[in-house]
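S.K.: Below is the structure I would like to discuss, written out as structure tokens.
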Amino acid sequence: DLVISTNGLTKAYNGVQALKSLDLKVRKNSIFGFLGPNGAGKSTTIKLLLGLIKPTAGSGNVFGMDIVKESTLIRKRIGYLAQDPRYYDYMSARETLRFTARFFYSGPKNEIENKIDDTLELVGLDDKADRPIKGFSGGERQRLGIAQAQINDPDLLILDEPAASLDPMGRRDVLEIMEKLREKTTIFYSTHILSDVQRVSDTVAILNRGELVAQAPIEELLQGN
Ligand code: ADP
Ligand code: ADP
């Protein structure tokens, strides 16, 4: 029941080693914390998993499919929130989700509006659904990003630093949404914030300068302290 499995996954950009022989194992229905400082190789790993860049060496599977040869199929089942989501600021949250749904929602057309309502409620934006994003806080923008990533009920949700720029309250809101999603999907949560990983992750991988330093259930890692 592995959702992600990589074997010696390696990436060099023009000779600069960004990722060195990464072996990751992410179990189904877990919150996997991917922890590392800036420049550790977290975004590179995510881009490889999404098939946006090609490995220099090694291989990887998502849902049992090859990340190089089957990336189109893989991407259909992944919800992805990029590090710094951009919006059309004059649009409302609901309009934004309608726009997203047009491209990514594969369920019946007559259920789209219900799905949008449910997703807005999930992320706690139901009462602001029809206001322009212009007036949204950083936390509300991130929650809208999670809503976009979640609109098609992905089997894997990849979140790249969703809480990094937020104040403690915004951070708590995002972590609470992740708790709610725990039952529904597998979450790959990339962050440089240790305390967030401690709060929500089941398993943690620690990356430093492109190398995996540790990968273990959170309780095991904390025993060492
Ligand atoms: P993180 O997401 O953990 O901050 P990245 O994966 O973005 O780390 O970067 C890992 C390393 O690879 C860094 O040294 C970064 O400067 C380098 N890097 C990332 N993308 C590129 C690129 N397109 N070209 C050259 N170097 C890159
Ligand atoms: P992140 O921490 O998410 O990697 P960055 O600001 O490091 O964000 O990178 C933003 C973009 O620039 C990414 O697409 C990354 O691959 C690229 N990038 C990062 N470092 C370099 C670099 N040294 N040379 C060229 N591109 C880079």
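S.K.: Kindly evaluate GLU111 against the criterion of being open to solvent by 40 Å² or more (accessible area, probe 1.4 Å), acidic (Asp, Glu), touching a Phe, Trp or Tyr at 6+ places or on another chain (Cβ under 9 Å) and more than 27 Å from VAL3 (Cβ to Cβ).
M.R.: Numbers: open to solvent by 40 Å² or more (accessible area, probe 1.4 Å): yes; acidic (Asp, Glu): yes; touching a Phe, Trp or Tyr at 6+ places or on another chain (Cβ under 9 Å): yes; more than 27 Å from VAL3 (Cβ to Cβ): no.
Criteria not met by GLU111.
S.K.: Same structure again: I'd like the full set of residues that are away from ligand 2 (no atom under 14 Å from the Cβ), within 19 Å of VAL204 (Cβ to Cβ) and part of a loop (DSSP other than H, G, I, E, B), limited to the stretch 15-61.
M.R.: ASP23, LEU24, LYS28, ASN29, SER30
S.K.: For the stretch 117-145, what are the residues that are over 17 Å from SER165 (Cβ atoms) and acidic (Asp, Glu)?
M.R.: ASP117, ASP118, GLU121, ASP126, ASP127, ASP130
S.K.: A further question on this structure: Taking the residues in the stretch 77-109 that are modelled with pLDDT of 95 or more, among the basic types (Lys, Arg) and part of a helix (DSSP H, G or I) as candidates, determine which candidate is farthest from ASN14 (Cα to Cα).
M.R.: Looking at residues that are modelled with pLDDT of 95 or more, among the basic types (Lys, Arg) and part of a helix (DSSP H, G or I), I get ARG94.
S.K.: State which residue is least open to solvent (accessible area, probe 1.4 Å) when the search covers only the stretch 213-225 and only residues that are in contact (Cβ under 8 Å) with a residue 12 or more places away in the chain and either of a type in the set (Val, Ile, Thr) or touching a strand residue (DSSP E or B) at 6+ places or on another chain (Cβ under 6 Å) (or both). So that I can check it myself, show each step before the final result.
M.R.: Step one: list which residues in the stretch 213-225 are in contact (Cβ under 8 Å) with a residue 12 or more places away in the chain, which gives 215-218, 221-222.
Filter once more, keeping what is either of a type in the set (Val, Ile, Thr) or touching a strand residue (DSSP E or B) at 6+ places or on another chain (Cβ under 6 Å) (or both): 215, 217-218, 221.
Details: GLN215: 67, PRO217: 50, ILE218: 19, LEU221: 50 Å².
Ranking the candidates gives ILE218 first.
Table: residues versus (1) within 16 Å of ligand 1 (Cβ to nearest atom); (2) in contact (Cβ under 8 Å) with a residue 12 or more places away in the chain; (3) in contact with a Ser or Thr (Cβ under 6 Å, 6 or more places away or on another chain); (4) open to solvent by less than 90 Å² (accessible area, probe 1.4 Å).
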residue	(1), (2), (3), (4)
LEU2	no, yes, no, yes
ALA18	yes, yes, yes, yes
LYS28	no, yes, yes, no
LYS42	yes, yes, yes, yes
LEU48	yes, yes, no, yes
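S.K.: Run ASN208 past the list (1) within 17 Å of the chain's Cα centre (by Cα); (2) surrounded by fewer than 18 Cβ atoms within 10 Å (Cβ to Cβ) and report the number of the one that doesn't hold.
M.R.: Answer for ASN208: the failing condition is (1).
S.K.: Kindly provide the set of residues from the stretch 129-149 that are of a type in the set (Gly, Ala, Ser), assigned to a helix (DSSP H, G or I) and without any contact (Cβ under 8 Å) to a residue 40 or more places away in the chain, ordered by number. Don't jump to the end; show me each part of the working.
M.R.: We begin by selecting, within the stretch 129-149, every residue of a type in the set (Gly, Ala, Ser); these are 129, 135, 137-139, 145, 147, 149.
Restricting the remaining residues to those that are assigned to a helix (DSSP H, G or I) gives 135, 138-139, 145, 147, 149.
Result: GLY135, GLY138, GLY139.
The values are calculated or read from the model by the stated rules, or taken from the named source; none is laboratory data. All values derive from a computational prediction rather than experimental measurement. In this analysis, Cβ positions are derived from the backbone assuming ideal geometry, glycine residues included, and neighbour counts consider all displayed protein chains. Each accessible area value is taken on the protein alone, full model and side chains, heavy atoms only, with ligands, DNA and RNA left out. Shrake-Rupley method; radii C 1.70, N 1.55, O 1.52, S 1.80 Å.
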